[in-house]
Structures are given as structure tokens and as C-alpha cells.
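Report on the following structure.
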Amino acid sequence: MTQADVTEIDPNRPAPFPRAHFLSAADLNPATATDLLDLADTYATLNRAGAVPLDLMRGRTVVNLFFENSTRTSASFEIAAKRLGAEVVTMPVAASSVKKGETLIDTAVTLNAMRPDVLVVRHAASGAAALLSQKVGCAVVNAGDGRHEHPTQALLDLLTLRRAFGDVTSLTVAICGDVAHSRVARSNVALLQMMGARVRLVGPPTLIPGDADRWGCEVFHDMREGLAGCDVVMMLRLQLERMEGALIPSTREYFRFWGLDREKLAWAAPGAKVMHPGPMNRGVEIDSDVADDLSVSLIQEQVEMGVAARMAVLASLSARTEADQ
Amino acid sequence: MKPLAIINARLLDPASDYDGPGAVLIADGRIVEVVHGQATHRPEEAEIIDAQGLCLAPGLIDIRVTTGEPGAEPKETLKSAALSAAAGGVTTIVVQPDAEPAVDDPAMVDFIQRRGAALNLVNVRVAGAATQGRDGKRMAEIGLMDEVGALYFTDGDRVIANTRTLMRVMSYAAAFNALIACRPAEPWLSEGAVATSGELASRLGLAGQPAIAERIQLERDLALVEQTGARFLVDQISTEGALEVLARARARGLEVAASASINHLCFNEVDIGDYRTFYRLDPPLRAESDRRALVEALRDGLIDVITSAHTPAPAEDKRRPFAEAAAGAVGLETLLPAALTLHHQEGVDLLDVLRPLTHGPAALLGLEAGVLEADAPADLVLFDPNAPVVIDADALRSKSKNSPFDGRRLQGRVERAFVGGRPVFVRD
């Protein structure tokens, strides 16, 4: 796909989303993922050119339902929806009704009665978005459920990679660090493999699920071996708050063996790029020297592509709803 | 009350290994006579039930029933549990001590027994807590509770993590020949777990308990049994590894009983695939290889008791994300048809299915029931082993409807249940 092809896509006429909800990377197939990426690419170009807002979602309501605090993802979805012309309501439920004993489903049913078009949900429990999708009449987008999945993150990561490398099918991507607690890793493994990339998992044995070798990835506990010849080093946030008990002896030791710095990055292929879903623990899983070097780091680009990828998802879901009506 | 004769039945008595035609004569709450083969005469003064095409077996004994009374009546009362039991052909239930407050003193044991007796339905018996408040620290009044009728002692789903406390509980209980039951679940490996560790749990992003947690804890518990000489029940064994440990202990002469829940005999971890919280159980549903090992253990007699592990949870506790939902399932009313799937689908002999539901628990707890013989209490169940049923959770008599069998097609239907010769359930 060339840039010329991309610009031919009509940003106001997206292909309908293949499913009623976007809960998991597995909701896509290579063809639909490519369609979404093409659309997102177009939005990214328009965003850069300042040629937004669009009115694709005029009159529609997107509710951001964040049971877990996340300023970045919440803002990214909000901007994406607004650029498509939707009304956006952000509900910081982490601090409100749920604390009064209302169950997740009660909240969903209440919101559903207000007839939103899309619910964007983040929740600390795996499967929460899937549960909500069964109880509401509108489209549900999973913005992160426990340690299960974060499919829009995988999509934006893929978009970032495609823009950086052109073709992703020949890439070798090392996903490094706290894989066990990472929903980003689960979605990325599924989507990257679906699109033909080779995926490695690198980290201490306590942070890599015991059966990860059955995910179709190569598993390494040594960074030197794991990064050897890699085109992309995708660092994960060390989820200290999700660790029950001691999974690593100290952040100091973790950084020594698995934190990404210049020396370790040199073990990867020449021209390798660095990614991180953010927010970063600087000096724990990644050195600022690497994170802030725009010649190797795609981290800022990831944030930018987040808006474009989410625009593509919302627009495509909206097109499906329209087709259904 | 007039004597009652149940004739032309297929009698199933696991205690005597009898499976054949016969009749039972009942008077004054007890079995007066059991006739094997065709009954030659019909006592004229007796009420006659012609049970042609049906099976007559001792009423089921369920030693692991959680109710909400006292403390959480919206989940389940003793009455709703007893009604549910009767409809399931369960004629004796042993209520777990995890009420609010915990059943950890003789007054509480006595209270539940009295309330249960006043219902005039099924036999309601009690398991006392092994430690005060089930805190795993201070021993409960095992002797006094034993005196007023507690059948065994357990902290229920809570593991007594402190090995010294458990050793003292076991040593002390031995003085009363009291039975101690413990869940084998190594607490640190189990902390926060809601599923069995493995590919499925990690794909679903659910915190997993490794199967080895059960084996490790069982090894510890059995070492203490050997040390103290306590009578011991392994409560809800669920993994192949733990079954191997149990078999080895039995082989070297250790007299240890084991129970398994009907859910773990019927379902495996794949059932949680859609995050359906009715399958959120404790212990978590295991791999298919573990389930098959349990069925084999049942066939081999390694499992002494099958329980329903009846754990009511109202909708508000189950309508949550999987990891946050309450663990457990109701099971009293579905126990028999679910167990019969082991006969119909796994080919387990009918007597081997019924033994751990009747004679097994009776022998373990020293109850008179669980047999078809003269002078035994007339606690009986009459059922059609082949009748197809579709389980409808909403129609269950339990106040909570959290049944993993909801919507499942099973084979086997309870027609009547008798306690002390009284009909406590008759199908419409």
C-alpha cells in the first residue's frame, strides 16, 4: 500500500466494522484490520493537515466509561470522537456510582437507557467489556479490561509500525517486560501475528505466563538473546500495582537486566525502533535517553496514531450501526 | 400413619451392592422389610406405591451445603435449601459453618439443628467450624459442638494456612474421634486466583491457581494426619496430581476420605470461556484431564463422597465481571440428574454413582441412613434414571439461581422423596 492509495480512501465513507463490538484483537481478520489501518492512515494525514473536524458522527453520542483512571486513553478517545463530530460524555465512574455499591451491569443499564451510540469501556476486571456488551444495545469498545486485552492499542501500534516500516509482515517484534499483567501484550501478540509479523516475548520468568510458548511466540528470558536481530523493541510498563507479592527483587535489579538502555538496544537489528504504550516508568523499564530520542523512539508517534486509530474504529462502528438501521 | 409399601421398583443399594427388582415396606418412619425379587404379597393394610419403571435408592446425603441462614437470608434460608434438597432427592443436608456469625460454638450448632428440625422437611445437620470465627488461628469448641451433634469440623472454603494451628486442631480432634475436613489449596499460590492456571486463563487475562497448589497442600495435610492420627476428609479434591497423592497415601494404609464436587466431575475449565460467572467456582474448574481423572477415581472408589457444593449467590453477586463475581454454584436440586450423566455418558456403574451420594457419606459421618435394610430410617428417593430434563435455573426452589447446569439437557428425574417415611417431595 502506498501513500497515494491511502489518500484515495474517502474518510467520510468507512467500511462497516465486521462486528457489533470491538472487544478483542481477534474480532478482526487481516482484511478488516488492513481496511481499518488504511482509514486510520487517512485520518492521521488529515489530523496532521488540520483538516478536521469531520461530521461523520454528527448527532451521535459516545460515552467514555472509565472505571479505571486513564487520562491518556480517555483523552485520545474523546478527541477522536469529537473530530468525527460526535457528542462525547466522559464518565469518571471510578470515583462515583460504583463506589455506592452499584454493579457494573446496573451502571450499564442506566447508561443504555440514555441511548448512547458507542460505549468506550475501561475496567480493572478481565471480561468486563464483554459482559457489558451483552447488556447494552449500543456498540462497545474495549479500552482495556484487566489483564485481558486493549485492542485499540494494538491497532495504533500496528499503524505506527506501518508508517515507520511500510510493510509489517517481515518484522520481528520483541515485546519486553511485564507480559503477565499486560493487556497490551495480549492484543499485540494476536494482531501482530495475524498480520504476519514474528513476535518474541522477553522478560523474567515471573513476568511471562508459563504457557506463553503456546501463544506462537518465541520466549526469551535473556535480553541479549531476545533482542538479537529484532526490528522493533516494544517495552511494556512494569505493572507494579498488579503484582501480588514479589515477582522481581527490585526495580533497580529489573532495570539492570530488562530495562531498555542504549547498550541493550544495540543488541537489536540496526535501525531498530522502540515503542512503549505509556505511561512510562523512566529508569525502570526504559531509560529516558532512549525514550526521548526521536531517531529511534516511536513513542510520541504512538500517541498521535492513537487518535487516528480510534477515529477509524469509531467511524467504522458508526458505519455498521447505520447499515443496520 | 399407615404403613407404606413401594413395590415393583428397581432397588439400588450401594451398601449391599444390590441392583435388582424388589419392594420396600415402611412403618413408623423406618424400613420394616426389604424384599429382593418380585414381592409375593401386598400387605393389605399398607398404602401401595407401584414404582414400575422407577429406581428406589437411599435418599442422598449432601455433606457440603452452604445456606445464608443465619446472616445472609436473601441468598438462601434453611427452608429454601431444604425445599430444594427435597426436590433433588437429598434427604440429609450438612450445613457448612460459614454463616454470619460463623457456626463455631455449641449454641449455634443447636440453633441450626432446631431450626432445621422445625421445618419438618429433610434432615438438617451441621458441620462446625474448626477454628473460632473461621480465622484459622484459634481452635473452636470441637468437643462441645461434637456433643450437641456437629458431624464434622471444617473452616469451609477458608484454608487453615497456619500449619501449627492445623496440627493442634487435628491432635485435639483425635481425642473425640472427630472428623476434620480441609480444602487442599496452598494459600499463597491460590491468592487472588479465579481460574486454573493455563493457556485459557492467561488468554482470558484471569489470575490463575496452578493445579500444584492443591497437591502441595494435600501433602502437608496428609503429613499432619500421619503425625496426629486424626480422622480426615480431603474436601473437594479436583486435580489429577492431588488424586495421585491421595492414592499413594491410601496405599500405605492411611485412612483418609475424599470428596469431590459434582461440578468438577461434570465441567472443565473450557466452560469459563465466555466469562460466564455461573462457572466461577472455588476450586476453579480444572483441565479436562483432571476431570477425567476424577471420574476414574470415582470408578476406582478413591472418591468416597460426591457433594453438590451448594453455594447460593444472588444475581447481584454473580452479575459482575468474572474475577469480581462470587464463587460457587447451587446444586442441591440438580445433584442427582447431574450425577446420572456420569452413568449415562461416562459409563460409570449406577451403584458406583450412588455410593458416594448415599452409603459413602453415611459411613463417613456415622449416620444410620444411606442403606436399604430393615430398621434403617426410611429416607428414600424414587427416580426415573432415563427421563430427559432441561434444567431451568429460574424454576429451582433455591432462592439463588446460580446454576451452571442452567439450560443443560440431563437425563434423570426425581419423582418422590421420603424422609422418615414421610413424603417430602412428590412430582406434580
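The values are calculated or read from the model by the stated rules, or taken from the named source; none is laboratory data. Quantities reported herein were computed from a predicted structural model and do not represent experimental measurements. Here Cβ is always computed from backbone atoms with ideal geometry, including for glycine, and neighbour counts include all displayed protein chains. Accessible surface areas use protein heavy atoms only, side chains included; no ligands, DNA or RNA. Shrake-Rupley method; radii C 1.70, N 1.55, O 1.52, S 1.80 Å.
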Among the numbered criteria (1) among the small types (Gly, Ala, Ser); (2) in a loop (DSSP other than H, G, I, E, B); (3) without any contact (Cβ under 8 Å) to a residue 60 or more places away in the chain, which one does B:Ala313 miss?
(3)
Report whether or not B:Glu373 is assigned to a loop (DSSP other than H, G, I, E, B), surrounded by fewer than 20 Cβ atoms within 10 Å (Cβ to Cβ) and either in contact (Cβ under 8 Å) with a residue 60 or more places away in the chain or within 14 Å of another protein chain (Cβ to nearest Cβ) (or both).
yes
Filter pass, B:Ala102 being in contact with a helix residue (DSSP H, G or I) (Cβ under 6 Å, 6 or more places away or on another chain) and open to solvent by 10 Å² or more (accessible area, probe 1.4 Å)
yes
Please determine, by comparing only the residues of the stretch B:259-277 that are within 14 Å of another protein chain (Cβ to nearest Cβ) and either of a type in the set (Lys, Arg) or without any contact (Cβ under 8 Å) to a residue 40 or more places away in the chain (or both), which one is farthest from B:Ala15 (Cα to Cα).
B:Asp274
Count of the stretch A:111-151 residues which are β-branched (Val, Ile, Thr) and touching a residue at least 60 places away in the same chain (Cβ under 8 Å):
3
Does at least one position in the stretch B:284-292 carry a residue that is at pLDDT 95 or above, assigned to a loop (DSSP other than H, G, I, E, B) and touching a His at 6+ places or on another chain (Cβ under 9 Å)?
yes
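Listed here are the residues, each with its yes/no results for (1) assigned to a loop (DSSP other than H, G, I, E, B); (2) open to solvent by less than 40 Å² (accessible area, probe 1.4 Å); (3) not hydroxyl-bearing (Ser, Thr, Tyr).
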site: B:Lys2; (1), (2), (3): yes, no, yes
site: B:Ala9; (1), (2), (3): no, yes, yes
site: B:Leu12; (1), (2), (3): no, yes, yes
site: B:Asp19; (1), (2), (3): no, no, yes
site: B:Gly22; (1), (2), (3): no, yes, yes
site: B:Ile26; (1), (2), (3): no, yes, yes
site: B:Val32; (1), (2), (3): no, no, yes
site: B:Gln38; (1), (2), (3): yes, no, yes
Working carefully through the options B:Glu191, B:Glu186, B:Glu199, find the one that is among the charged types (D, E, K, R) and farther than 25 Å from A:Gly144 by Cα.
B:Glu186
Pairs only if they're at least six apart or on different chains, beta carbon under 6 angstrom, first in the stretch A:271-300 and among the polar types (S, T, N, Q), second surrounded by 13 or more Cβ atoms within 10 Å (Cβ to Cβ) and outside any loop (DSSP other than H, G, I, E, B); list them, first residue then second.
A:Ser288/A:Arg282; A:Ser297/A:Val274; A:Ser297/A:Ala291
Determine, yes or no, whether B:Pro356 is away from every other protein chain (no Cβ under 14 Å) and either open to solvent by 30 Å² or more (accessible area, probe 1.4 Å) or under 30 Å from B:Gly205 (Cβ atoms) (or both).
no
Restricted to the stretch B:179-206 and to residues being β-branched (Val, Ile, Thr) and more than 11 Å from every other protein chain (Cβ to nearest Cβ), the residue nearest to B:Ala130 (Cα to Cα) is B:Ile180
Go through B:Arg280, B:Arg250, B:Arg291 for me and flag whichever is touching a residue at least 24 places away in the same chain (Cβ under 8 Å) and within 14 Å of chain A (Cβ to nearest Cβ).
B:Arg280
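How many residues, within the stretch B:319-347, are open to solvent by 40 Å² or more (accessible area, probe 1.4 Å), touching a residue at least 12 places away in the same chain (Cβ under 8 Å) and more than 14 Å from chain A (Cβ to nearest Cβ)?
The number of residues fulfilling the criteria is 3.
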Provide a single number: the residues in the stretch A:140-156 that are open to solvent by 10 Å² or more (accessible area, probe 1.4 Å) and away from every other protein chain (no Cβ under 11 Å).
1
First in the stretch B:53-82 and free of Cβ contacts under 8 Å to residues at least 40 places away in the same chain, second anywhere and in a loop (DSSP other than H, G, I, E, B), Cβ under 8 Å, 6 or more apart
B:Gly71/B:Ala99; B:Gly71/B:Glu100; B:Gly71/B:Pro101; B:Ala72/B:Ala99; B:Ala72/B:Glu100
Yes or no: A:Ala164 in a helix (DSSP H, G or I), facing chain B (nearest Cβ under 9 Å) and in contact (Cβ under 8 Å) with a residue 40 or more places away in the chain?
no
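Quick one: which residue in A:Arg214, A:Arg224, A:Arg200 is more than 14 Å from chain B (Cβ to nearest Cβ) and open to solvent by 50 Å² or more (accessible area, probe 1.4 Å)?
A:Arg224
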Output yes when any residue across the stretch A:92-108 is farther than 25 Å from A:Pro209 by Cβ, modelled with pLDDT of 95 or more and open to solvent by less than 10 Å² (accessible area, probe 1.4 Å), and no when none is.
no
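For every residue, the table says whether it meets (1) assigned to a strand (DSSP E or B); (2) touching a residue at least 12 places away in the same chain (Cβ under 8 Å); (3) charged (D, E, K, R).
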{"position": "A:Thr32", "(1), (2), (3)": "no, yes, no"}
{"position": "A:Asp41", "(1), (2), (3)": "no, yes, yes"}
{"position": "A:Ala44", "(1), (2), (3)": "no, yes, no"}
{"position": "A:Val62", "(1), (2), (3)": "yes, yes, no"}
{"position": "A:Ser76", "(1), (2), (3)": "no, yes, no"}
{"position": "A:Ala80", "(1), (2), (3)": "no, yes, no"}
{"position": "A:Thr90", "(1), (2), (3)": "yes, yes, no"}
{"position": "A:Val109", "(1), (2), (3)": "no, yes, no"}
Given the criteria open to solvent by less than 10 Å² (accessible area, probe 1.4 Å), within 14 Å of chain B (Cβ to nearest Cβ) and small (Gly, Ala, Ser), does A:Ala180 qualify?
no
Take A:Arg48 and tell me if it is open to solvent by 50 Å² or more (accessible area, probe 1.4 Å) and in a helix (DSSP H, G or I).
yes
Taking the condition of a type in the set (Val, Ile, Thr), touching a Cys at 6+ places or on another chain (Cβ under 8 Å), part of a strand (DSSP E or B) and at pLDDT 90 or above, does A:Val173 pass?
yes
